Amino acid sequence: MISRRIDEKAIARAKSLIDRAEHIVTVCHTGPDGDAIGSCLAAMHVFSALGKDIRVVIPDPALANLRTLPGAKEMVDASKFGEFAARLIREADLILCLDFNELSRTGRIQPLLEGAKAPMVVIDHHLNPSIDAAAVISHPEMAATAYLMFRVFCRLELFNFIDKNAAECLLAGMMTDTGNFAYNCSDPELFDVTAELVRKGADKEKLYNSLFNTFSANCLKLNSYAMLKKMEVFEGEGAALITLSRDELNRFHYVKGDTEGLVNRPLAIPGIVYSCFMRQEADCIRVSMRSRGDFPVNEVCSEYFGGGGHLNAAGGEFYGSLDEAAERFRSILLENKKRYIDK
Ligand code: MN
């Protein structure tokens, strides 16, 4: 049994906007992940079955493994088709903002959204949505926007419009935001919804293989190289560091997404509380950090790497050489231990 959780008024507002709309555009954040893409594509499948003209506009390309989701080929990538994306947003009579809480997260399409005359409906699970929308359905306690989308479809009485394609997209979103049901899974209804999606024909095994277990040979070699040759473990300080230079990335023909998840790997080591991965980019060193428990990597990233994020997942940038960035990280280990681990 799936309980009612979405506010009646928010659903009623969203329903009247959707009922009236003919040309819907659904948008998501930059670097769209499985939840963002899955939610947008599910909306496309369900609302087009309902007879709406609906297009998905993404700010930049989706990773290759997400391009296998049903309907992914129909997405309009604003980094390649800027004019077309602008026209769709301009001419839309409803904009669905899925899986983001601030317009600043939408990159190059932000000015288009700010200038759009169409009302917006936000459906999202990030904290503190700040978008000035006609309807906001925000549930930060839910594991994925796709999970929330399933509930929204049900409340809009569109359960029967969720076909196999839509089910697969929703399940993809739920799987990616929970690491294939490894975390953020304490809500038992997540599994009730999963069961419904599987009943509708979503093939979880196929999704697992395409989303979690498809890598190029170069990607596997790069990650093995990083673990074997580049991981520094600071046992006494509960930390680990991996750095990859431009040369190293080039040697393995790095493409975007190849180091996805690498930063998490050292957290598997007992006693390692936080982990840092640094990747040299054209103009800066990209820093990402992950942690366990209450170690606040967002504070560390904001204090030393001009960034921020969540308690257990954050990032930042460093302007200088990779060695200098790594040295800065090593130099703060003792201080971090005193402040956050031995406290
Ligand atoms: Mn999400």
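Which ones in the stretch 50-77 are touching a Lys or Arg at 6+ places or on another chain (Cβ under 9 Å) and open to solvent by less than 10 Å² (accessible area, probe 1.4 Å)?
Answer for the stretch 50-77, where residues must be touching a Lys or Arg at 6+ places or on another chain (Cβ under 9 Å) and open to solvent by less than 10 Å² (accessible area, probe 1.4 Å): Pro59, Val76.
Only one of (1) part of a helix (DSSP H, G or I); (2) touching a residue at least 60 places away in the same chain (Cβ under 8 Å); (3) under 18 Å from Ile11 (Cα atoms); (4) within 16 Å of the ligand (Cβ to nearest atom) is not met by Cys169, so which one is it?
Result: Cys169 fails condition (3) only.
Here are the criteria: (1) surrounded by 14 or more Cβ atoms within 10 Å (Cβ to Cβ); (2) farther than 19 Å from Cys28 by Cβ; (3) at pLDDT below 95. Tell me which single one Leu158 does not satisfy.
(3)
All but one of (1) in a strand (DSSP E or B); (2) touching a Phe, Trp or Tyr at 6+ places or on another chain (Cβ under 9 Å); (3) hydrophobic (A, V, I, L, M, F, W, C) hold for Ile123, so report the exception by its number.
Only one criterion is unmet by Ile123, namely (2).
If you check Met231 against the conditions, is it exposed (fewer than 14 other Cβ atoms within 10 Å of the Cβ), under 27 Å from Val263 (Cβ atoms) and either among the aliphatic types (A, V, I, L, M) or outside the structural domain of Gly315 (by TED's automatic domain parsing) (or both)?
So Met231 does not fit the description; no.
Look through Thr243, Thr259 and report the one residue that is in the same structural domain as Arg328 (by TED's automatic domain parsing), touching a residue at least 12 places away in the same chain (Cβ under 8 Å) and part of a loop (DSSP other than H, G, I, E, B).
Within the list Thr243, Thr259, the selection yields Thr259.
I need the full set of residues from the stretch 172-212 which are outside any helix (DSSP H, G or I) and either assigned by TED's automatic domain parsing to the domain that holds Val255 or open to solvent by less than 60 Å² (accessible area, probe 1.4 Å) (or both), in order please.
Answer for the stretch 172-212, where residues must be outside any helix (DSSP H, G or I) and either assigned by TED's automatic domain parsing to the domain that holds Val255 or open to solvent by less than 60 Å² (accessible area, probe 1.4 Å) (or both): Thr178, Gly179, Asn180, Phe181, Cys185, Asp187, Lys200, Gly201, Ala202.
Check whether at least one residue in the stretch 23-42 is open to solvent by 50 Å² or more (accessible area, probe 1.4 Å), in a helix (DSSP H, G or I) and assigned by TED's automatic domain parsing to the domain that holds Ile162, and report yes or no.
No, every residue in the stretch 23-42 fails to be open to solvent by 50 Å² or more (accessible area, probe 1.4 Å), in a helix (DSSP H, G or I) and assigned by TED's automatic domain parsing to the domain that holds Ile162.
Of the residues Val121, Val152, only one is within 16 Å of the ligand (Cβ to nearest atom), buried (at least 20 other Cβ atoms within 10 Å of the Cβ) and more than 16 Å from the chain's Cα centre (by Cα); which?
Exactly one of Val121, Val152 is within 16 Å of the ligand (Cβ to nearest atom), buried (at least 20 other Cβ atoms within 10 Å of the Cβ) and more than 16 Å from the chain's Cα centre (by Cα), namely Val152.
Name the residues in the stretch 43-58 that are more than 15 Å from the ligand (Cβ to nearest atom) and either not in a helix (DSSP H, G or I) or not assigned by TED's automatic domain parsing to the domain that holds Ala167 (or both), would you?
Result: Leu50, Gly51, Lys52, Asp53, Ile54, Arg55, Val56, Val57.
Within the stretch 78-108, track down each residue that is more than 26 Å from Leu170 (Cβ to Cβ), surrounded by fewer than 15 Cβ atoms within 10 Å (Cβ to Cβ) and small (Gly, Ala, Ser).
Across the stretch 78-108, the qualifying residues are Gly82, Ser104.
Name the single residue that is modelled with the highest pLDDT among those in the stretch 278-313 being of a type in the set (A, V, I, L, M, F, W, C) and open to solvent by 10 Å² or more (accessible area, probe 1.4 Å).
Ala282
Is it the case that Arg246 is open to solvent by 60 Å² or more (accessible area, probe 1.4 Å) and in contact with a Ser or Thr (Cβ under 9 Å, 6 or more places away or on another chain)?
No: the conditions fail for Arg246.
Kindly establish whether Arg279 is under 28 Å from the mean Cα position of the chain (by Cα), without any contact (Cβ under 8 Å) to a residue 60 or more places away in the chain and not in a loop (DSSP other than H, G, I, E, B).
In short, yes.
The values are calculated or read from the model by the stated rules, or taken from the named source; none is laboratory data. Since the model is a prediction, treat every value here as computed from it, not as a measurement. Heads up, the Cβs are rebuilt from the backbone with ideal geometry, glycines too, and the neighbour counts pull from every protein chain shown. We work out accessible area using only protein heavy atoms, side chains counted, and drop any ligands, DNA or RNA first. Shrake-Rupley method; radii C 1.70, N 1.55, O 1.52, S 1.80 Å.
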